[in-house]
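Notes follow once the structure below has been shown.
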Number of protein chains: 4
Amino acid sequence: MEEIVTRSDVDVELIQSHSSDESVAWSARVSTMGEQAQSDGHENAGLINFLMKNRHGTPFEHSFFTFRVTAPIFVFREFMRHRIGWSYNEESGRYKELDPVFYIPDRDRPLVQVGKAGHYEFVEGTNTQHYISIAGMKRTYETAYEAYKEMLDIGVAKEVARSVLPVATYSTMYASCNARSLMSLLSLRTKRNMTTFPSYPQREIEMVAEKMEVYLEAAMPMTYDTFCNNGRVSP
Amino acid sequence: MEEIVTRSDVDVELIQSHSSDESVAWSARVSTMGEQAQSDGHENAGLINFLMKNRHGTPFEHSFFTFRVTAPIFVFREFMRHRIGWSYNEESGRYKELDPVFYIPDRDRPLVQVGKAGHYEFVEGTNTQHYISIAGMKRTYETAYEAYKEMLDIGVAKEVARSVLPVATYSTMYASCNARSLMSLLSLRTKRNMTTFPSYPQREIEMVAEKMEVYLEAAMPMTYDTFCNNGRVSP
Amino acid sequence: MEEIVTRSDVDVELIQSHSSDESVAWSARVSTMGEQAQSDGHENAGLINFLMKNRHGTPFEHSFFTFRVTAPIFVFREFMRHRIGWSYNEESGRYKELDPVFYIPDRDRPLVQVGKAGHYEFVEGTNTQHYISIAGMKRTYETAYEAYKEMLDIGVAKEVARSVLPVATYSTMYASCNARSLMSLLSLRTKRNMTTFPSYPQREIEMVAEKMEVYLEAAMPMTYDTFCNNGRVSP
Amino acid sequence: MEEIVTRSDVDVELIQSHSSDESVAWSARVSTMGEQAQSDGHENAGLINFLMKNRHGTPFEHSFFTFRVTAPIFVFREFMRHRIGWSYNEESGRYKELDPVFYIPDRDRPLVQVGKAGHYEFVEGTNTQHYISIAGMKRTYETAYEAYKEMLDIGVAKEVARSVLPVATYSTMYASCNARSLMSLLSLRTKRNMTTFPSYPQREIEMVAEKMEVYLEAAMPMTYDTFCNNGRVSP
């Protein structure tokens, strides 16, 4: 048996950033002040709240974050549906031998879905459900990785051999965005009470989103507060 | 053992389209003719060739294709990196129990990669390479689908259970585009001699691209010819 | 004096379209039905309302409209800020001698703005305000077009001579979009009571948007109704 | 007569940036190195040249530039046709009284266009052409701004009064982009000999592009060199 590694978490690290609440303010003020619209001592909080509440989105685009994300492929599949204001480069199964690292839910991950499509809620699984799931997953991951390595060993191309690898396989990407596209992701990929529009993300992509949210709050606290206070609607 | 189905091909069907060479011509002519720029008896071939050769891309955007594509997940992973001018809706492993249909290479699929990264060439595999690969794939697919069904049977949510499914699992999507975004895909995802820029796509996404190419040629023959005659560079 | 033409209206004509409520339904159903998600006798209204209300936007993208729009340049300046899901080709002052057609407000166009930035309301102008405005506009348009023609007559390039032309000059463009990007425009460029988010568009771009709205209603009546009934928020 | 100001130049200032050749290298290396793809002592020049030459564009997107640009409206009209990877906020004639600053060509600006559409070349104008143009422009700008101020003085809304202002009126915007979208602009909006695809930009937008090009060269010298050495094709 190949030695495999299992994980239940995700990594999100901010690699580079150039972001500030001031950039929202001076880019908005160019509308009314033209060339004079520079960062100054103006009170920005009221302006940023006005922009967020009324969905004037473009001033939130003059900001920049690059994250390195390590997460299962099924998370990346959802993530890359975000097309606008996002740039991606990901580890490639065509060019790199993939490592034997696979996702398993930890004991706290709710396993059972109740309710109907579009309004799913998740509740805790039983011990039996948890252990049967973990066992089935590990058995599959070992079988898959053994087949993968066997194909590589006899000279089959990586892009063919990877067919067997499960969507639970961990991958790594660099993802760049601006504050507007980041809030769009947060709006759709986190579940919070009392938002203007409800979202029911899969827990694993929400874990990635929550880690990104911490960086947004740190870099642009006024923007972040007004986002939360106005129903978490991306402007 | 669960009964599984293996396939080596992909399905691409044109579901709806509104595309013509005339739309390229009248949208380009609005530059020089304004309101009078309508579809008329003008000679369009020369104009379309000029636009393609000089990379005036926007006139190729007033066209519309929707395809239904059935292909392995690893193909969809590459496909959805095309962000601009493409719209997607795909079968969801969160909402639907996925069918036990998986990709295996047929005997003709070159299995061995020679050369260095960025300039890979593929050559035929041996019988041994082929049969060991097929055996390892089938064994993995059966193990994975058995684990998947077992989790579903005991009440685990589909979105958790699908973790075990391989990237070889078939999925279906609707994908809409215009002629410009379609040519961008063809430029990057087909390998042809004598193109202005070389591309080294994985064979399986090239199979999807080749089927789309037939529809482009049928709907917009002048556009297609000038694309091929000018190095297959997307305008 | 050059003979000039003044107008107070805009033209919007639907040139080509491939749009239906069914396309929303079958592209959404692929999530849960996979390959079987085709247009059938299903009840679509409830599904479309669910998608609109919960802001599942992508199923509204598999649709296509091309409009020919004739309107003043200051309208086109605002219109082309819509980047996503819109394709444009416009009459060019570099390649075509522009016609002497210019915008003037008709007597009903509210001329006076009250309230503060971000919450402007417009009220009717007096006869004096109207007639002084019209006179100043006509005087400027004549002066500008005379200078334009004089430069052209002595051999100055069109792209230089057009510098003098006012933003009231009429231009023509082809603009293509899908139902989602069209609803985004309508949401921002029409002013209606009781919408979820308020918009304060300039009246002249609203006139363009209102004419497009009629075509959306005709082509996709369920989509249109649910858009209006859910606060006119683009999904 | 209103006092007007005329200019023949444009302003481009880099307001904020987070850009480096290293970001191209580590984002590309994630394909082959996964999590280990970090900025290190590797030789980057060869890799960047490979990416540029073969049009692997995405690694050039993890970079960020915000410019403040002051230029005539007719330049902004062309600039904002660049939809992808560009964010804009511009001075608004709806919310701000516009200043009386207008473009006139300086004596060196070639005024006469020879050749046919799509292959225009520009040659120097005569003194007569120059002075008649300047006179016609100034006469129009004064007439227009006088009418503009008269309307404002009697209480007409700014958004109506601005109708008379010429496309030569100066405006200011903040524009953010990444290195890939910036190279796309440079490719189309500068005219150079020996490029893979020819471009025939209007001189005034080329002046903006040239000033941006200096900032790209300073921030990402390897990227810039390979761009120039590979035909100035945006990757």
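Data table
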read-out: Approximate spin-label separation A:ILE134-C:ALA135, in nm, with each point projected 7 Å along Cα-to-Cβ; value: 8.8
read-out: Square roots of 5 times each gyration tensor eigenvalue, C-alpha, segment A:1-129, largest first, Å; value: 42, 22, 13
read-out: C-alpha long axis of helix D:203-219 to longest principal axis of chain D, angle in °; value: 30
read-out: Dipole magnitude of the protein assembly as shown, debye to nearest 20 (Cβ charges: Lys/Arg +1, Asp/Glu -1, about Cα centre); value: 0
read-out: Loop trypsin sites (Lys or Arg not before Pro), segment A:92-136 (other Cβ atoms within 10 Å of the site Cβ: 15 or fewer; DSSP); value: A:ARG107, A:LYS116
read-out: Cα centroid of segment B:183-235 to Cα centroid of segment B:147-161, whole Å; value: 41
read-out: Cβ-derived FRET efficiency at R0 45 Å, A:ILE84 paired with A:GLU43, nearest 0.05; value: 0.90
read-out: Long-range amide H partners of D:SER171 with built H, under 5 Å; value: D:ALA71, D:ILE73
read-out: Nearest-to-axis residue of chain D, judged by beta-carbon position, where the axis maps D onto B, in Å; value: D:ILE84, 3
read-out: In degrees, nearest ten, helix D:127-153 long axis to first principal axis of chain D (Cα); value: 80
read-out: Point-charge dipole on Cβ atoms (K/R +1, D/E -1) for chain D, about Cα centre, debye to 20; value: 800
read-out: Long-range Cα-Cα pairs in the protein assembly as shown (distance over 52 Å), rounded percent; value: 17
read-out: Exercise: per-residue mean of other protein chain Cβ atoms within 10 Å, B:10-23; value: 3
read-out: Rg/Rh ratio calculated on Cα atoms of segment D:96-215 (Kirkwood radius); value: 1.05
read-out: Cβ neighbours within 10 Å from other chains - mean over A:219-230; value: 0
read-out: C:ILE15 long-range amide H proximity, modeled H, under 5 Å; value: C:THR66, C:PHE67, C:ARG68
read-out: Cα-based helix-to-principal-axis angle, A:179-189 vs chain A, degrees rounded to 10; value: 50
read-out: C:GLU97 versus B:THR32: modelled label distance in nm, points set 7 Å from Cα along the beta carbon direction; value: 1.6
read-out: Helix-only mean residue ellipticity at 222 nm for chain A, each DSSP H run of n ≥ 4 adding -39500 (n - 2.57), per residue, nearest 500; value: -13000 deg cm²/dmol
read-out: Taking segment B:9-129 and dividing mean pair separation by its residue count, relative contact order in percent (alpha carbons under 8 Å, at least six apart); value: 27
read-out: Sequence-separation-based contact order of chain A, relative, with Cα cut under 8 Å and 6+ spacing, percent; value: 31
read-out: Dipole magnitude of segment B:108-218, debye to nearest 20 (Cβ charges: Lys/Arg +1, Asp/Glu -1, about Cα centre); value: 260
read-out: Average partner coverage of A:140-151, which counts Cβ from other chains inside 10 Å; value: 6
read-out: Dipole of segment B:1-115, positive direction: furthest Cα of B:GLY93, B:ALA45, B:THR58, with charges on the beta-carbon; value: B:THR58
read-out: Chain B - share of DSSP beta bridges that are antiparallel (%, nearest 5); value: 90
read-out: A:CYS228 accessible area, assembled protein chains, probe 1.4 Å, Å²; value: 50
read-out: Cross-link pairs beyond the 18 Å C-alpha cut-off, checked among A:LYS53/C:LYS116; A:LYS116/B:LYS96; A:LYS116/B:LYS149; A:LYS96/A:LYS149; A:LYS116/C:LYS53; C:LYS96/C:LYS149; value: A:LYS116/B:LYS149
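The values are calculated or read from the model by the stated rules, or taken from the named source; none is laboratory data. Everything quoted here is computed from the prediction, not taken from an experiment. No Cβ is skipped: glycine too gets one built from the backbone with ideal geometry, and neighbour counts run over all protein chains shown. These accessible areas exclude ligands, DNA and RNA; they are computed on the full protein's heavy atoms, side chains included. Shrake-Rupley method; radii C 1.70, N 1.55, O 1.52, S 1.80 Å.
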